[in-house]
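Peer 1: Handing you a structure now.
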Amino acid sequence: MSAPSATRRLLATALAAGALIGAAAVPAAAHDDDRRGHHGRHSSIVIGDVQHDTRGRDDRALNREWVEVKNTGHKAVNLRGFTLTDRDGNRYRFPHLRLDGRSSVKVHTGHGRDTHRDLYQDRRHQIWDDRDTATLRNDRGHVIDTETWGRRGHHNDNDNNNHRR
C-alpha cells in the first residue's frame with residue numbers, strides 16, 4: 001500500500017467518524033430545548049412578561065392587561081397568522097407585524113391603535129385571569145411557547161400581578 005492511499009483511507013475514516021459524532025449530537029440538542037419548557041421546535045419568539053387580572057372594565061383597565069411577545073433572536077420575524085390563546089379558548093390572531101430582532105410587542109386586551117410596540121385585541125372584558133395559561137402558536141398552528149401562572153409551584157417575581165420570565 002502506498003503512502004498516498006493510506007493517507008486517503010485515514011482521512012476518509014476520520015471524516016466518517018466525525019459525521020457519526022455530529023449526527024449523534026443533533027437529537028441531544030433537541031432534547032435540551034424540551035427541558036427549557038419550550039414546546040415543539042425551538043423558536044426565537046417567546047412569551048415574555050404577563051400583566052393579568054387588572055381591576056375594572058373600562059379601556060384603561062383592559063389595556064393594563066397584556067401579554068408580551070418577545071423576539072430573542074437577531075433576525076426580524078413576521079408574526080402574521082401567529083395566535084395567542086388563553087385557557088378558556090379566547091384567541092387573538094396577529095396581523096402583519098414585523099417584530100425586529102431583540103424587541104417585543106405587548107398584546108393588550110382592550111381597545112387602541114396598533115403600533116409596532118403595542119397591539120390591541122379590542123375586547124370588552126378581561127381575558128387573563130389570576131390562574132391562567134397563555135399559549136403562543138406560529139402561523140402553522142404549532143405551539144412555540146406557553147406560560148402558566150397562579151398554580152402551585154409557579155415562581156412570581158413580585159406580588160403586583162406582574163410575571164417576569
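Peer 1: For Asp114 and Arg131 in one chain, what is 0.36 nm times their gap in residues minus the Cα-Cα distance, to one decimal in nm?
Peer 2: 3.4 nm is the gain from fully extending Asp114 to Arg131.
Peer 1: Using a Förster distance of 41 angstrom, determine the FRET efficiency expected from the C-beta separation of Arg123 and His74, and round it to 0.05.
Peer 2: Between Arg123 and His74 the formula returns 0.80.
Peer 1: Work out how much length Leu97 to Val143 would gain on full extension: take 0.36 nm times their residue separation and subtract the Cα-Cα distance, in nm to one decimal.
Peer 2: 14.7 nm
Peer 1: What does the highest-first list of 63-76, 130-143 look like by mean Cβ count within 10 Å?
Peer 2: 63-76, 130-143
Just so you know, all these numbers are worked out from the coordinates, no wet-lab data involved. It should be emphasised that the depicted structure is a prediction, and the values quoted were computed from it without experimental measurement. Virtual Cβ from ideal backbone geometry, glycine too; neighbours counted across all protein chains shown.
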